[in-house]
Amino acid sequence: MSLFTVIILLAEYFVSITWNGFTGRADFRWEVATLLIALSFLPATIIGFRHTSPLLRGIYAVAAVWLGTLNYLLFAAVAAWLAAGLGLLLGWSPPLRLIVASAYGAGLMAAAAALVNAAWLRTTRIVVPLPHLPSAWEQRTAALVTDIHLGHISGPRFLRKIIGRLRRLRPDVVFLSGDLFDGTTIGLDRLVAEWSSYAPPLGIFYVTGNHDEFAERTIYLQAVEKAGVRVLNNEKIILDGIQLVGVHDSEGGHPEVLREILRRARIDPASPSILLSHQPRNLPLAEAEGISLQLSGHTHHGQYWPWNLVVVRVWGRFAYGLHQLGRLWVYTSSGAGTWGPPLRLGTRSEIVLLRFVPAPAATPKG
């Protein structure tokens, strides 16, 4: 029995016994149905890598939403027990039915709000100072789009929504820092075809994320290239005076491999450099090799409470937003899409619009 199955069984059991115990009512048909829905997520995910159908996508979507809802009902159950225990400690008989109904109602409302919030795509505008910025770039903008996760839930319609927003924002260049796909290997050309209808002045550039490497990544790269997107295969190009380096997720996770790629790129300290790398890791190495700005995603900023708090503990200040490490600026996006439960609470779905300004000259020491 997998760890996933054990966790789901325990969560479903705790939520059920809390409701039954506080209300004195039990409906095992509902309990069995929700358990089967939750447990269908993993097989639907695995089968979806190689097969697709409306029924399979529907099962995956319902299971994903229920898993997110179960998260909030689990905390609601804990809150109900705490409230009842506090009442007993204070010497009064707590209204158990009212307590559990209020707690579970709040949990369901939180899940509904998170579902709506995840579908609300925002634009985050930031200004980044870059050293030796060419004058032509002072009036330009770049869009960072990460973690779209095209697949079981988000498809061509979602990509059209993103591209529609990009058309209104009118960036000069678009950077795709990984997880364009959700891992499925079916219908990739159809999923990304909309990119072929959109051409910003300086192009669209892409590197893989971990979900784009669940299978042989060549099939993902071929679909992206067919749609007119420029794949950066662990290489550097010069983009009208800015050094643009793209490193795929597998290589970006190995310090020695990443160091070799960056040294082979021969970063020129006399001009700004941007690194596209899916995860905000090995940052001291990128800083030491002279990168000016790294653009990443992957973390989803935790996606929904309370996992956003966990992600901050894991990734520190680089879990989300613009931060600096020595001479290196890092922007980690929370992503345009979602993975698993299509919920966001305490985070936002975003497209990032970057405007570059010249960095002030360093003051000589001494």
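Here are the numbers for the structure shown:
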read-out	value
Residue ID - surrounded by the fewest Cβ atoms within 10 Å (Cβ to Cβ), chosen from residues in the stretch 204-213 that are of a type outside the set (Phe, Trp, Tyr) and under 18 Å from residue 295 (Cα atoms)	210
Strands (runs of 3 or more DSSP E) enclosed by the stretch 89-203 - at least 2 residues per element that are loosely packed, with under 15 Cβ neighbours inside 10 Å	121-130
Top-ranked residue in the stretch 7-58 [being of a type in the set (Phe, Trp, Tyr) and within 23 Å of the chain's Cα centre (by Cα); ranked as surrounded by the most Cβ atoms within 10 Å (Cβ to Cβ)]	41
Filter result for the condition that a residue is over 25 Å from residue 234 (Cβ atoms), crowded, with 16+ Cβ neighbours inside 10 Å and in the same structural domain as residue 264 (by TED's automatic domain parsing), over 339, 307, 315	307
Number of positions in the stretch 190-233 that are touching a Ser or Thr at 6+ places or on another chain (Cβ under 6 Å) and at positive phi	1
Test result for residue 85, in a helix (DSSP H, G or I), out of contact with any strand residue (DSSP E or B) (no Cβ under 8 Å at 6 or more places or on another chain) and more than 30 Å from residue 43 (Cα to Cα)	yes
Criterion (hydrophobic (A, V, I, L, M, F, W, C) and closer than 19 Å to residue 303 by Cα) met by exactly one of 67, 56, 39	67
Test: residue in the stretch 60-74 that is crowded, with 16+ Cβ neighbours inside 10 Å, in a helix (DSSP H, G or I), touching a Gly at 6+ places or on another chain (Cβ under 8 Å) and among the polar types (S, T, N, Q)	yes
Residue check, residue 86 among the hydrophobic types (A, V, I, L, M, F, W, C), under 30 Å from residue 153 (Cα atoms) and not assigned by TED's automatic domain parsing to the domain that holds residue 340	no
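The values are calculated or read from the model by the stated rules, or taken from the named source; none is laboratory data. Quick caveat: nothing in here was measured; it's all calculated off a predicted structure. Quick reminder, even Gly has a Cβ in these numbers, built from the backbone with ideal geometry, and neighbours come from all protein chains shown.
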